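Since the structure comes first, as structure tokens, the remarks are kept for the end.
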Amino acid sequence: MESLRLALDGLRANRMRSFLTMLGVIIGVAAVVALVSVGTGASREVTAQVEALGSNLVMVIPASARGRDLRLEDVAAIEARVDGVLAALPSIQRELTVRWLGRSEKVDVVGTTEDMPQVQRHPVARGRFLSHQDVLYRRQVAVLGSRTAERLFGPHDPLGREIFVAGRPFAVIGVMTTKGRGGIIVPDADDQVFIPITTAQRILGTTRVGSIYVSVAEGTDVGPVTNHIRRIFEVRFNDPDAVEVFSQEQILAAVGNVTGILTVLLGSIAGISLLVGGIGIMNIMLVSVTERTREIGVRKAVGAKRRDILAQFLVESVIISLTGGLIGIGLGMLGSEAIARFGRIPSVVSVGWVLVAFGFAAAVGVFFGIYPAMKAARLDPIEALRHD
Amino acid sequence: MARGPSSPSAPLPRGSHRGTPLIELQRVTKVYGEGRLSVAALQEADLRVWEGELVSIMGPSGSGKSTLMNILGCLDRPTRGVYLLEGRDVSALTDNELAEIRNRKVGFVFQTFNLLPRATAAENVELPLIYRGVPRAVRRRMAREALEIVNMGHRLTHRPAQLSGGEQQRVAIARALAGDPRLILADEPTGNLDSRTGEEIMGLFQRVNEELGVTVVLVTHDPRRARQTRRIIRMLDGRLVGDDPVPDEEFVRAARGGPDGKAGEPAG
């Protein structure tokens, strides 16, 4: 109690200096809280996006370095031969210029089939989605993502209008509902144009398929399905590594790993600044002990024991670090909010990390305060009284 | 304030030294450094001071006065010899035990006052009581009483910078008195004061000694100040070379401050 009052007196005597010292801790803690919050938020968002692709999903993509191409026949083969598969959805994506009247936008154009709304749980809002016939006859019809519709048509109704995709005329037959997820690792499904995959292949002059999404029946074990798919391609290409087959859980796990590492990395970098703040505390406390040598001598002469002096200075440094920690938490939360608002990255302030940052700040105060405090406590009263 | 076993109105008659001395040094030696570089600042000092005495120590610089005071004040331990304070051997106590004794038995007054600049007069006086664990309210009252003894009751909330040198030394004496000590040790308490203010401070020591019965040992260079005490100890080269009572006819009663203890001039 008494050392608390003494410490506060000491800090008040040098307001500016105490504040500047505290600033090191404030910045450190704020950085930890803000960066970890953004990291946590980003990781949650990515997870949500992957989950929003649809549940019980298996993805097939060609192994990048091997030059193997997926084709529509593979899609049919998966649907026909693998047990538990509801639908296999081919997809090819390319950023193309889409025009309506005078307006021209670069949009992610996706070639797909009539199964997309069901596999990716993304229904049509108005009009209709692509039909089996559209795909079969390579019709030049397009369904717009909600944001694309907004960008291209503004207040106008897109249904029945003619747009140009890579210079070819397409009839707009539908507009999708707003999914509201995407943009970080998964493309933003609201800002896409969906056309029949066959039409897309013709525009792009290819027979390949970019990737295949396989929707697995509810309650079916995904493991055997992925193994079966892998084997189909192993036989076809005579190459066990021709394609990569991921289940959604595998993707989530991988993403979770990466974002987890990223979060810890960000937190550690911020932690280093907290450490620097601690060194600042030690520095200023050493100065303070030297300045107050005579005071320490007087206190010892009138009966202060070592632990009294130790407590006085230690409490002072802990107050600096704890106050700095509290202010830093506040600033860090504000900062992460600002990043979330302006950077389109959501931030999640995790109580656990806030406590870690606060605890770390307290530990910094004790760790860097103990040496100066011990130095003060060990002073010889005679020497200290002689000091000027 | 009742002070110690000796009643304030009837201090021990001088010259009738009976019972256990307050201070007893037996062949106390203090050596600084080691081997050939060592210096004996105090050599084989034997000294007895009884309760209620008013003693001055004189001697040139380097004669060991400060070393003697440090040992008497339990700030330092003898290298050899025995120091009995109130009959208790304190020569080999730990730092914490010595701190405890300084806190309860000894009050220090310094040449440069050594008040804490940021603390008020009352807070400065409270300092020893803080380390004794006296509750805040009690501390306040004891500090006020001590400041009233030195006629500084009207300056409770002043900070040292707002006080004259004489006033600061009064606050310092109040701090020494606040803990109700048996012994006050003053190292050249008038050294930084002009002669009129110094006279007042000496008067204060005489009054504290006579009225409260507190034993006072002070260091001075000034023979006039020494004759304002009852006994003069002389030191030279770390040895006690003289120890004489001041005869009543030579004893000088210091001029008291004004009736209300008006402060003297600021220190020059």
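Every number in this text was worked out from the coordinates using simple rules, so none of it is lab data. Predicted model, so just to flag it, every value in this text is computed and none were measured. Backbone-built Cβ (ideal geometry, glycine too); neighbour counts: all protein chains shown.
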Handout entry: FRET E, pair residue A:356, residue A:283, Förster distance 22 Å, beta-carbon r, rounded to 0.05
Key = 0.35
Fill in the blank from the handout: Taking r as the C-beta separation of residue A:367 and residue B:141 and R0 as 51 Å, the FRET efficiency to the nearest 0.05 is 0.80
Handout entry: the protein assembly as shown - charge dipole about Cα centre, Lys and Arg +1 at Cβ, Asp and Glu -1, debye rounded to 20
Key = 820
Handout entry: Averaged over B:124-133, number of beta-carbon atoms from partner chains that fall within 10 Å
Key = 4
Practice task
With viscosity set to 0.890 mPa s and temperature to 25 °C, compute the Stokes-Einstein D of segment A:69-238, Rh being the Kirkwood radius across alpha carbon pairs; µm²/s, no decimals.
Solution key: 147
Fill in the blank from the handout: Expressed as a whole number, the average count of other chain Cβ atoms within 10 Å around the Cβ atoms of A:301-313 is 6
Exercise for the section: Can you run the Rg to Rh ratio on the protein assembly as shown? Use alpha carbon positions and the Kirkwood inverse-distance Rh. Expected result: 1.37
Practice task
Would you mind computing, in nm to one decimal, how far apart the modelled labels at residue A:137 and residue A:217 are, each placed 7 Å from Cα along Cα→Cβ?
Solution key: 3.3
Handout entry: Footprinting exposure proxy for B:83, A:137 (fewest neighbouring C-beta atoms within 10 Å first)
Key = A:137, B:83
Exercise for the section: Just order A:38-50, A:251-263 by mean Cβ neighbour count inside 10 Å, highest at the front, would you? Expected result: A:38-50, A:251-263
Handout entry: 25 Å tail of the calculated P(r), segment A:1-117, as % of Cα pairs
Key = 61
Practice task
May I ask you to sort A:159, A:35 by Cβ crowding, counting other Cβ atoms within 10 Å and putting the fewest first?
Solution key: A:159, A:35
Problem - chain A: relative contact order as a whole-number percent, Cα under 8 Å and 6+ apart - result: 31
Handout entry: For residue A:145, net neighbour charge (Lys/Arg +1, Asp/Glu -1) across residues whose Cβ lies under 11 Å away
Key = -2
Completion exercise
Most fluctuating of B:87, B:166, B:59 in the GNM of chain B (C-alpha, under 10 Å) is B:87
Problem - In the protein assembly as shown, lysine pairs closer than 26 Å at Cα, eight or more apart or cross-chain - result: 13
